[in-house]
Structures are given as C-alpha cells and as structure tokens.
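Student: One structure follows; several queries about it will come next.
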Amino acid sequence: MTSHTLPVDRFDLAIFGGTGDLALRKLLPGLFRRFLDGQIVPGSRILGIARDALDDDAYRARVGEALERSGCGAGPRTAEFLQLIGFRTLDATADQGWDAFAGELKAREPRPVRVFYLAVGPALFVDICEKLRTHGLNGDDARIVIEKPIGKDSASAARINDAIGAGFDERHIFRIDHYLGKETVQNLLALRFANALFEPLWNAAHIDHVQITVAETLGMEQRASYYDTAGALRDMVQNHLLQLLCMVAMEPPATLNADAVRDEKLKVLRALRPIDAGNAAALTVRGQYRAGAAAGKAVPGYAEELGRSDSRTETFVALKAEIGNWRWGGVPFYLRTGKRLAERVSEIVVSFRQVPHSIFDAASGPVTRNKLVLRLQPDEGVKLFLMIKEPGPGGLRLKRVPLDMTFAETFGVHQPEAYERLLMDVVRGNPTLFMRRDEVEAAWQWIDPILAAWNADREPPKSYTAGSWGPGAAVALIERDGRTWHEESD
Ligand code: NAP
C-alpha cells in the first residue's frame with residue numbers, strides 16, 4: 001500500500017537562513033521527500049536566503065550535498081528538484097537587495113502562496129518581519145514561520161509576538177514546534193478521538209500518572225553560546241514537553257479546526273498548578289552533566305565544553321506538574337529532559353491504575369499496571385502493555401506483553417519527518433499543529449516563576465555523570481510517590 005498525498009498549491013518558499021543547519025539538515029531534505037511523493041506542484045520555488053554571496057548553482061550544489069548527507073541520496077530526480085531552488089543574497093538587517101527581492105516575488109503570475117521561513121536566530125525575527133511588511137510582502141497569501149526560541153520569558157515572548165503581529169495577522173503566523181508534526185503525536189489524536197475505547201478511561205479515575213521524557217545523548221554541540229543563556233527548562237520544557245502534555249491532557253475539541261484544538265491546549269496550560277519559590281524545591285530537579293561516557297566514548301563535562309566552570313545553566317530538568325481541573329485532579333505529570341543522558345529517547349507513558357483487587361495468587365506473578373507508551377523517537381510507535389496468561393501448560397502465570405500498534409510497516413509507508421508534514425501544512429494554511437500566540441505566552445507564564453525560584457536559590461544544579469539518567473534526585477522525585485521512571489523492560 002502506498003501513502004496518500006494530496007498536492008498543495010503552487011508556492012514560493014523563502015528560507016531565511018538557507019545556508020544554516022536547520023535549512024540544510026531538516027527543511028530541504030523534508031521538501032525533497034515531499035517532492036518525490038508528488039506533493040509539490042510544478043512552478044513552485046524554494047529560495048535560500050543568507051548574507052553569503054552565492055549564486056543559484058553554488059547553492060544548488062550545497063543543497064545537493066546536504067541531501068546526500070541526509071540519506072536522500074543522489075537519485076534521478078535530485079536534479080529536477082534542485083531546479084526548483086535558487087539563492088538570493090540578503091542581509092536581514094540592511095536595506096540593500098530588498099527592493100529587488102520584493103519585486104521578483106511580486107512579479108510572479110499567477111501569484112503563488114508565499115511562505116517566509118525564518119530559520120535564523122530570533123534576534124533577526126523583528127527585522128525580517130519589518131522588511132517584509134514595508135515591502136508589501138505581508139498580504140493575505142503570505143505565511144510566516146518562526147522557530148523556537150520565542151523569547152526567554154513571557155515579557156520577551158510578548159515583545160517578539162507584538163513585533164511579528166504588527167506586520168502579520170495571527171492567521172498567517174506559524175510558530176513551529178516540530179514535536180507536533182511527529183507521527184506518534186498525531187496518532188495520539190487518532191487513538192484518543194477516533195476510538196471509543198480510551199476516552200472513557202482518560203481521566204483521574206483510571207490513570208495513575210503520566211510521564212514525558214525527552215532524553216538526548218548529545219551535549220551542546222555547536223550551540224554553546226545560545227544554550228548557556230537558555231538551559232533545558234527554556235529550551236525543551238517551555239515548548240516541546242508542554243506541547244506534548246497538552247496533547248495528552250486536553251479535552252476533546254469539537255472539531256480538528258485549528259482554533260478548536262488550540263483553545264483546548266490553552267485551557268490545559270492555564271490549569272497547570274503554579275510552581276514557584278514555595279514549592280520548586282519539592283517539585284523540580286535541575287542538573288548539569290559532568291564528564292562521563294556516551295555511547296562507549298569518554299565525553300567532557302558541561303563546564304569543559306563551555307570553557308567556564310561558573311555556569312549555573314541546567315542541562316537536565318525533572319519536574320512534577322499537576323493540572324488543576326476535574327479530569328486530572330491528583331494525577332501527576334512527571335516531565336524530564338536532559339543532555340548527555342543514557343539513551344536518546346522521547347516518549348510519553350500513560351500509566352493506568354492498578355486493578356482494584358487481584359484474584360490471582362502469588363504463584364501467578366504480580367498484576368502490573370497497563371501502560372500506553374507513545375514513542376516519538378527513535379522507532380516511532382505506540383505500544384499498549386497488557387497483562388495476559390503466559391501461553392502454554394504449567395498453570396496460570398501472568399505476563400505483561402506489549403500490544404504493538406505501530407502500523408507503518410503494515411501500511412508499507414516510511415515514517416515522514418515532522419518537518420515534511422508541517423511544511424505542507426504551512427503551504428495549505430492549516431495552523432492546527434502550530435502554536436498560537438496565547439499558548440506560547442501561557443507556557444512562559446507557567447515557566448517564569450520556576451525560573452525566578454531557581455534564580456533566587458543559592459544551590460547550583462545537581463551534578464550528574466554524562467551517560468547516566470540524570471541526578472539521583474530525579475529518581476527520588478518520582479520514587480517518593482511510590483512510582484518509577486518507565487523502562488521498556490518494566
Ligand atoms: P545556523 O546554522 O547558525 O544558521 C543561521 C543562518 O542564518 C545562516 O544561513 C546565516 O547565513 C543566516 N543569517 C545570519 N545572519 C543573517 C542576516 N543578518 N541576514 C540574513 N541571514 C542571516 O542556525 P540554525 O541551527 O540553522 O538555526 C536557525 C534557527 O532555528 C535558530 O533560531 C535556532 O534556534 C532554530 N532551530 C534550529 C534547529 C536545528 O536543528 N538547527 C532546531 C530547532 C530550532 P549567513 O551568516 O551567511 O548570513
């Protein structure tokens with residue numbers, strides 16, 4: 001069976017930061033795969049933009065290399081795809097070249113959808129939006145895509161949103177969180193709302209707790225100067241982990257309409273119980289890695305990577321969140337994320353309550369909780385852990401087994417990269433899987449008091465060995481409640 005893809009309207013996509021890591025490693029390979037699938041109609045164009053003085057051919061060569069590096073290979077259709085691509089030298093902060101760029105886009109007949117993807121540092125968002133506005137490129141068919149980080153607290157996020165909002169209507173602003181483009185996250189919507197089975201159980205009466213883990217094995221790589229001003233709470237929790245929490249916890253929206261979904265996510269963010277100076281010590285753990293081993297190789301600690309030993313930036317966070325509403329009252333959501341951890345894994349674990357009474361004796365083995373495990377990476381998929389009788393003679397022995405609900409192989413399709421799906425949604429003008437301004441700001445409003453509590457605290461982050469699962473205090477955070485972090489072998 002093949003995947004079903006519907007072509008999108010003809011478009012001009014201008015990627016500001018076209019020579020950067022995000023564009024070359026994620027966006028262009030994603031667009032190439034959509035092209036191979038026939039989703040990009042002839043006459044569409046992709047323009048890389050940066051200050052570098054490249055011409056079209058030099059940029060195409062760079063994109064071609066990037067496609068090879070990303071495993072897309074140099075197939076027979078690569079040259080055809082590269083013909084859609086061009087390059088324009090522009091400095092976001094200077095005036096030179098903008099009139100010609102705007103003139104070129106406006107001359108296109110019939111007029112295609114215009115997408116401006118800001119794959120540049122956030123310091124340039126305001127300049128670029130201002131230039132697009134003053135050159136009349138912010139019309140009704142324009143869409144602007146911005147990446148995290150959107151600010152470093154609620155005040156700075158509001159300033160960025162105001163500046164973008166001055167030129168573009170909210171309907172045309174796509175704040176991307178690529179976690180929402182992952183197949184498993186969309187599968188969560190399907191599981192919850194296209195089955196009668198789960199939703200009646202999806203509440204405090206039947207769910208014991210939820211865990212969300214986004215663990216990386218990498219350190220800061222080339223991002224030290226940004227990362228040290230951000231830390232794991234701002235870099236990962238404020239956006240990715242809270243967005244995942246919203247997808248798990250939101251009420252059923254009336255439709256899949258963008259605002260219906262985002263209204264429900266916003267209610268979840270607003271219902272999060274505050275964590276502040278009064279309870280941050282009990283509900284949060286922050287850590288920073290020291291030298292250790294990752295994938296069998298010795299790796300330096302954060303301070304050595306940074307070249308300074310006085311940084312209090314956290315590279316690990318674990319926290320216990322609660323949602324103060326009727327559906328979730330008393331159900332902890334344990335979140336953890338960090339760099340240089342033991343494994344690269346992102347997953348959501350929904351742990352159901354124990355059966356109220358066991359009829360089985362000790363010889364049958366323990367009756368353990370059902371769990372729904374949604375794995376975002378690697379090996380995207382969904383498993384429902386159930387108790388069964390171990391097959392065969394020898395009495396009734398219980399066993400917990402995973403019911404694998406990963407159907408990509410059955411359907412014979414490859415798992416698309418999150419950016420593939422999201423880029424096509426931008427062209428379609430469908431913002432369901434993008435963050436609305438009020439969501440971003442509500443997430444910051446929950447994060448701000450945690451940051452303030454940490455700043456006021458004299459304690460540095462707890463040290464953990466690179467290649468471990470974080471500081472021991474993160475284990476204690478969940479074990480204090482009589483629970484443990486999920487392991488596949490549980
Ligand atoms: P990067 O590799 O440093 O690339 C930055 C790009 O911006 C380059 O193409 C650079 O080219 C261009 N640029 C810089 N100053 C410019 C100016 N004044 N005018 C026009 N172009 C300019 O950064 P990146 O890793 O791709 O990240 C870009 C953004 O995406 C950042 O906000 C980052 O936080 C976010 N992000 C990245 C990833 C990722 O996987 N890389 C993931 C999530 C979010 P020139 O210097 O030649 O102008």
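The values are calculated or read from the model by the stated rules, or taken from the named source; none is laboratory data. Bear in mind the structure is a predicted one, so any value in this text is a computation, not a measurement. Reconstructed Cβ throughout: ideal geometry from the backbone, glycine too, with neighbour counts over all protein chains shown. Accessible surface is based on the protein model in full, side chains and every heavy atom, while ligands, DNA and RNA are left aside. Shrake-Rupley method; radii C 1.70, N 1.55, O 1.52, S 1.80 Å.
Student: Return the loop-located trypsin sites (Lys or Arg not before Pro) in the range 45-132 (DSSP other than H, G, I, E, B) with at most 14 other Cβ atoms within 10 Å of their own Cβ; answer none if there are none.
Tutor: Taking the range 45-132 and a limit of 14 other Cβ atoms within 10 Å, the loop trypsin sites (Lys or Arg not before Pro) found are Arg51, Arg77, Arg108.
Student: May I ask which of Lys182/Lys399; Lys320/Lys371; Lys148/Lys371 have a Cα-Cα span longer than 22 Å here?
Tutor: Lys182/Lys399; Lys148/Lys371
Student: Is any residue of the range 312-342 close enough, with backbone N under 20 Å, to a label point placed 7 angstrom from the Cα of Val475 along the Cα-Cβ axis, and if so, which?
Tutor: So the set is 315-320, 334-342.
Student: R0 = 41 Å: FRET efficiency of Leu218 with Leu398, Cβ-based, nearest 0.05?
Tutor: Between Leu218 and Leu398 the formula returns 0.55.
Student: Separate question: Check Arg143: other-chain or 5+ apart residues with amide H under 5 Å from its amide H, H built from backbone geometry?
Tutor: It is Arg114, Val115, Phe116, by chain and number.
Student: Which three semi-axes in whole Å describe the equivalent ellipsoid of the range 34-187, each the square root of 5 times a Cα gyration tensor eigenvalue, listed largest first?
Tutor: Working through the eigenvalues yields semi-axes of 27, 21, 16 Å.
Student: Please list, or write none, the lysines whose alpha carbon is within less than 18 Å of the alpha carbon of Lys131, excluding same-chain residues fewer than 8 places away.
Tutor: Lys106
Student: Roughly how many nanometres apart are two label points built 7 Å out from the Cα toward the Cβ at Asp91 and Arg344?
Tutor: 3.7
Student: In what sequence, highest mean first, do 156-165, 424-433 appear when ranked by Cβ atoms within 10 angstrom?
Tutor: Packing order, densest peptide first, comes out as 424-433, 156-165.
Student: Let me ask something else about it. What ³J(HN,Hα) values, in whole Hz, does the Karplus curve 6.51 cos²θ - 1.76 cosθ + 1.60 give for the range 113-122 when θ = phi - 60°, with x put for Gly and Pro?
Tutor: Using θ = phi - 60°, the values come out as 4, 10, 10, 10, 9, 8, 8, 10, x, x Hz.
Student: Once amide H atoms are placed 1.01 Å from N in the peptide plane, what residues at a sequence separation of 5 or more from Gly86, or on another chain, have their amide H within under 5 Å of its amide H?
Tutor: Ile46, Leu47, Gly48
Student: Relative to the first principal axis of the alpha-carbon coordinates of the chain, what is the inclination of helix 154-165, with its axis defined by its Cα atoms, in degrees from 0 to 90 and to the nearest 10?
Tutor: With both axes taken from Cα atoms, the answer is about 40 degrees.
Student: Would you mind checking the tilt of helix 258-271 against the longest principal axis of the Cα atoms of the chain, expressed as 0 to 90 degrees and rounded to 10?
Tutor: Helix 258-271 sits at roughly 50 degrees to that axis.
Student: Using only the Cα atoms, work out Rg/Rh for the range 1-60, with Rh taken as the Kirkwood radius, to two decimals.
Tutor: Here Rg/Rh amounts to 1.02.
Student: Select from the range 455-490 those GluC sites (Glu not before Pro) which occupy a DSSP coil region and have at most 16 other Cβ atoms within 10 Å, ordered by residue number.
Tutor: Glu487, Glu488
Student: Considering only C-alpha atoms, what is the centroid distance from the range 426-490 to the range 210-229, in Å?
Tutor: Cα centroid to Cα centroid, the span is 12 Å.
Student: Net charge near Glu130: determine it from the other residues with C-beta under 13 Å of the C-beta of Glu130, scoring Lys and Arg +1 and Asp and Glu -1.
Tutor: -1
Student: If you roll a 1.4 angstrom probe over the protein chains with everything in place, what fraction of the accessible area of the chain belongs to carbon and sulfur, to the nearest %?
Tutor: Roughly 54 percent of what the probe reaches on the chain is carbon or sulfur.
Student: Per residue, how many Å² of accessible area does the range 90-204 show with a 1.4 Å probe?
Tutor: So the range 90-204 comes to 40 Å² accessible per residue, rounded to a whole number.
Student: So how strong a dipole does the range 59-135 carry about its Cα centre when Lys and Arg Cβ are +1 and Asp and Glu Cβ are -1, to the nearest 20 debye?
Tutor: 260
Student: Probe 1.4 Å, all protein chains in place: accessible area of Val317 in Å², nearest 10?
Tutor: Roughly 0 Å² of Val317 is accessible to a 1.4 Å probe.
Student: Calculate the dipole size of the range 328-460 relative to its Cα centre from +1 charges on Lys and Arg beta carbons and -1 charges on Asp and Glu beta carbons; express the result in debye to the nearest 20.
Tutor: 460
Student: Would you be so kind as to identify which of Pro471, Ala232, Pro29 lies farthest towards the positive end of the dipole of the chain, taking Lys and Arg as +1 and Asp and Glu as -1 on Cβ and the Cα centre as origin?
Tutor: Working it through, the farthest residue towards the positive pole turns out to be Pro471.
Student: Given a cut-off of under 8 Å on Cα pairs at least six residues apart, what relative contact order in percent is computed for the chain?
Tutor: Relative contact order comes out at 19 percent.
Student: Please list, in order, the residues from the range 412-435 whose amide nitrogen is less than 17 Å from a point placed 7 Å along the Cα→Cβ vector of Arg108.
Tutor: 423-430
Student: Charges at C-beta only: +1 for Lys and Arg, -1 for Asp and Glu. How large is the resulting dipole of the chain about its Cα centre, in Debye rounded to 20?
Tutor: 820
Student: Return the calculated 222 nm mean residue ellipticity for the chain, to the nearest 500 deg cm²/dmol, obtained by summing -39500 (n - 2.57) across DSSP H runs with n ≥ 4 and dividing by the residue count.
Tutor: One gets -9000 deg cm²/dmol as the mean residue ellipticity at 222 nm.
Student: Report the normalised scattering of the range 178-283 as log10 I(q)/I(0) at q = 0.19, 0.22, 0.23 Å⁻¹, calculated by the Debye formula with identical scatterers on the alpha carbons.
Tutor: So the normalised log intensities work out to -1.15, -1.36, -1.42.
Student: Taking 37 °C and 0.692 mPa s as the conditions, I'd like the Stokes-Einstein D for the range 29-78 in µm²/s, using the Kirkwood hydrodynamic radius from alpha carbon pairs.
Tutor: Estimated via Stokes-Einstein, D reaches 275 µm²/s.
Student: How large is the translational diffusion coefficient of the range 155-225 in µm² per second when you combine the Kirkwood radius over alpha carbon pairs with Stokes-Einstein at 37 °C and 0.692 mPa s?
Tutor: Stokes-Einstein gives a translational diffusion coefficient of 196 µm²/s.
Student: Enumerate the calculated ³J(HN,Hα) couplings along the range 303-310 in order (Karplus 6.51 cos²θ - 1.76 cosθ + 1.60, θ = phi - 60°), each rounded to whole Hz, writing x wherever the residue is Gly or Pro.
Tutor: My calculation for the range 303-310 gives 4, 5, 4, 7, x, 8, 10, 9 Hz in order.
Student: While we're on this one: Give me the net charge for the shell around Phe81: Cβ to Cβ below 12 angstrom, other residues only, Lys and Arg +1, Asp and Glu -1.
Tutor: +3
Student: Additional query: R0 = 51 Å: FRET efficiency of Thr255 with Ser309, Cβ-based, nearest 0.05?
Tutor: Efficiency at R0 = 51 Å is approximately 0.45.
Student: For the range 322-362, run through the chymotrypsin sites (Phe, Trp or Tyr not before Pro) and keep only the ones in DSSP coil with at most 13 other Cβ atoms within 10 Å of their Cβ.
Tutor: Here the chymotrypsin sites (Phe, Trp or Tyr not before Pro) that fit, given the DSSP loop and packing criteria, are Trp326.
Student: Oh, and also: Could you list which residues have their amide H under 5 Å from that of Gln377, counting only those 5 or more apart in sequence or on another chain, with H placed in the peptide plane?
Tutor: Ser346
Student: Also, I was wondering about something else. Please turn the phi angles of the range 411-422 into ³J(HN,Hα) values with the Karplus equation 6.51 cos²θ - 1.76 cosθ + 1.60 (θ = phi - 60°), one per residue in order, whole Hz, x for glycine and proline.
Tutor: 3J(HN,Hα) across the range 411-422, in whole Hz: 7, x, 10, 7, 6, x, 5, 4, 5, 4, 5, 5.
Student: Restricting things to Cα coordinates, could you compute the convex hull volume per residue of the chain in Å³?
Tutor: About 174 Å³ per residue, rounded to a whole number.
Student: Using every Cα-Cα pair within the range 288-412, state what percent have a distance larger than 20 Å.
Tutor: The answer is 66 percent, as a whole percent.
Student: Which value results for Rg/Rh of the range 32-124 when Rg is the Cα radius of gyration and Rh the Kirkwood radius based on the inverse mean 1/r?
Tutor: When Rh is taken as the Kirkwood radius, the ratio is 0.97.
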